[in-house]
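Inspection log for the structure reproduced underneath, given as structure tokens.
The values are calculated or read from the model by the stated rules, or taken from the named source; none is laboratory data. Everything quoted here is computed from the prediction, not taken from an experiment. Positions of Cβ are generated from backbone atoms using ideal geometry, with glycine treated the same way; all protein chains shown enter the neighbour counts. Note: accessible area is taken over every heavy atom of the protein model, side chains too, but ligands, DNA and RNA are not part of it. Shrake-Rupley method; radii C 1.70, N 1.55, O 1.52, S 1.80 Å.
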Amino acid sequence: MEFLQEHREFRDLVRRVVADEIEPFVDEWEQQGSFPGHRLFAALGSLGLLGLEYDPSYGGQGVDHSFTVIFGEELGRVSCGGVPMAIAVQTDMATPALHRFGSEELKRQYLVPAIKGDMIASIAVTEPDAGSDVAGIKTRARRDGQDWVITGSKLYITNGTQADWLCVLARTSDEGGYRGMSQIVFPTSTPGFHVSRKLDKLGNRSSDTAALSFDEARVPVANTIGEIGRGFQQQMAQFQNERMIAAYMAVGSMEVALSRTAAYLRDRQTFGKPLLENQYIQFRLAELTAEVDLLRHYNYACAEAYIRGEDTTRFATIAKLKAGRLQREVADWCLQFHGGYGYMEETWVSRYFRDSRLLSIGGGADEVMLRILTQIGGYT
Ligand SMILES: Cc1cc2nc3c(=O)[nH]c(=O)nc-3n(C[C@H](O)[C@H](O)[C@H](O)COP(=O)(O)OP(=O)(O)OC[C@H]3O[C@@H](n4cnc5c(N)ncnc54)[C@H](O)[C@@H]3O)c2cc1C
């Protein structure tokens, strides 16, 4: 992938924004268990960072996916996983389907403020009885005239306590399996909607995650994104964006983790010399760095295919699988080489270790990625 001057300038801009708007507050937000979404998103929105690839007529920047790659890599460099994930939910997980399939009116009402950072969006797919198997969702939208009446619950929803609207996947007919689901823009001010619980988590603590419930909550049928009954298929397309940005962020995070670890090992002495002078440690860091580099260039190949308009399901699936596994490995080695210090809550690496665990679960677990690759490869 060729990066030009404009890409370099964009990378500098994102790095500056992260340094000014996010990094100084990370510890406070991690302790608090949430971050001020409206304030941060308004700041990011005013710089055009929440709608990079979106149509300028809705406030987007209209640039190609190469800028999303840079955005993801730079977000990954933040010293926590929670805030980058929350931002990526807004830009690449909850809004792509609305941009791609939504009606003009729906986009004016919900996409424009999401791009500006005036509204926070969540993606609401997972339920207590259906995570990996999306076809198992039970949240029901019953048609009553020009309204959907929604009943059900969603679980583990990122930005869930702060969201102004949700991209909800619900059953809109009695057809089973992959049929009869629709994506619906659901304003959280709707009567019958409740945040049942804010969830306490192992990692990504600065991001709020919630259990949500819908009790006969009424929204217009006009809030349906795209075609009624095509929600599952549209969501599968939206998952590709989610998996791609997750892989881009992983590269940024691993790059920082390995370089911070090397810096620590240069200073820390054992047996009369810096730890970094042990060839075993040098080899481990060199090999992990090489693997990160392989993922980075695989990501670039994925992004180039996406820019060419190709189906990137296989690319995105492999990138997400590899990113999840490699990030766990990198975090584990970084913690190991920090010794007891790495196990202390006050050290960046203990947070990194906890936060890194999510990537192999969220957005489709590793085994779900393998399932997709099994199907694509015809190994059935
Ligand atoms: C912090 C966090 C944030 C999240 N944010 C969101 C969000 O914003 N919106 C949203 O909709 N969801 C969100 N999720 C949910 C996430 O996408 C699901 O947790 C994930 O898809 C796995 O579903 P599950 O937890 O129900 O696990 P299950 O489906 O119960 O699976 C459990 C485990 O079984 C294994 N497994 C599953 N299927 C197979 C199989 N066929 N073969 C072999 N092994 C298998 C996997 O290892 C999997 O981890 C979030 C989750 C977390 C933890």
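Assorted remarks:
- Helix 313-342 and the longest principal axis of the Cα set of the chain meet at an angle near 40°.
- Sparsely packed chymotrypsin sites (Phe, Trp or Tyr not before Pro) within the range 163-245, loop by DSSP, other Cβ within 10 Å at most 14: 178
- Mean accessible surface per residue for the range 1-145, computed with a 1.4 Å probe while every protein chain stays in place, in Å²: 41
- Prolate/oblate/rounded call for the range 33-141, Cα gyration tensor, a/c under 1.5 rounded: oblate
- Panel note: the C-alpha atoms of the chain, placed on their principal axes, show extents of 78, 46, 43 Å (largest first).
- The distance between label points at residue 19 and residue 293 comes to 2.6 nm (points 7 Å beyond Cα on the Cα→Cβ vector).
- Share antiparallel - DSSP beta bridges, the range 168-239, percent rounded to 5: 90
- Of all lysines in the structure, those lying under 26 Å Cα to Cα from residue 107, and not within fewer than 8 positions of it along the same chain, are 116, 154.
- Across the protein chains, with a 1.4 Å probe defining accessible surface, the residues 38, 338, 99 rank 38, 99, 338 from largest area downward.
- Viscosity 0.692 mPa s, 37 °C: Kirkwood-radius Stokes-Einstein D of the range 121-229 over Cα pairs, µm²/s: 237
- J(HN,Hα) series, the range 269-276, from Karplus relation 6.51 cos²θ - 1.76 cosθ + 1.60, nearest Hz, glycine and proline x: 9, 9, 6, x, 8, x, 4, 5
- Computed from backbone phi with θ = phi - 60° and the Karplus coefficients 6.51, -1.76 and 1.60, the 3J(HN,Hα) list for the range 45-59 is x, 5, 9, x, 8, 9, x, 3, 8, 7, 4, x, 5, 10, x Hz; x is used for glycine and proline.
- Annotation for the range 144-242: GluC sites (Glu not before Pro) lying in DSSP loop with at most 16 further Cβ atoms inside 10 Å of their Cβ are 175, 227.
- Relative contact order, percent, the chain [alpha-carbon distance under 8 Å, six or more residues apart]: 17
- Sequence-separation-based contact order of the range 5-116, relative, with Cα cut under 8 Å and 6+ spacing, percent: 30
- Beta bridges by DSSP in the range 98-179, antiparallel share as percent, to the nearest 5: 55
- Phi angles across the range 165-178 convert, under the Karplus curve 6.51 cos²θ - 1.76 cosθ + 1.60 with θ = phi - 60°, into 3J(HN,Hα) values of 8, 10, 8, 8, 9, 9, 7, 10, 8, 7, 4, x, x, 7 Hz, Gly and Pro given as x.
- Within the accessible surface of the chain, defined with a 1.4 Å probe on protein heavy atoms only, the carbon and sulfur portion equals 51 percent.
- Counting only DSSP H runs of at least 4 residues, each contributing -39500 (n - 2.57), and dividing by the residue count of the chain, the helix-based mean residue ellipticity at 222 nm comes to -15000 deg cm²/dmol.
- Dimensions in Å of the range 233-377 - Rg and Dmax from alpha carbons: 17.1, 60
- Projected area averaged over orientations for the range 1-97, convex hull of C-alpha atoms, nm²: 6.3
- From the alpha carbon centroid of the range 311-380 to that of the range 217-283 is 8 Å.
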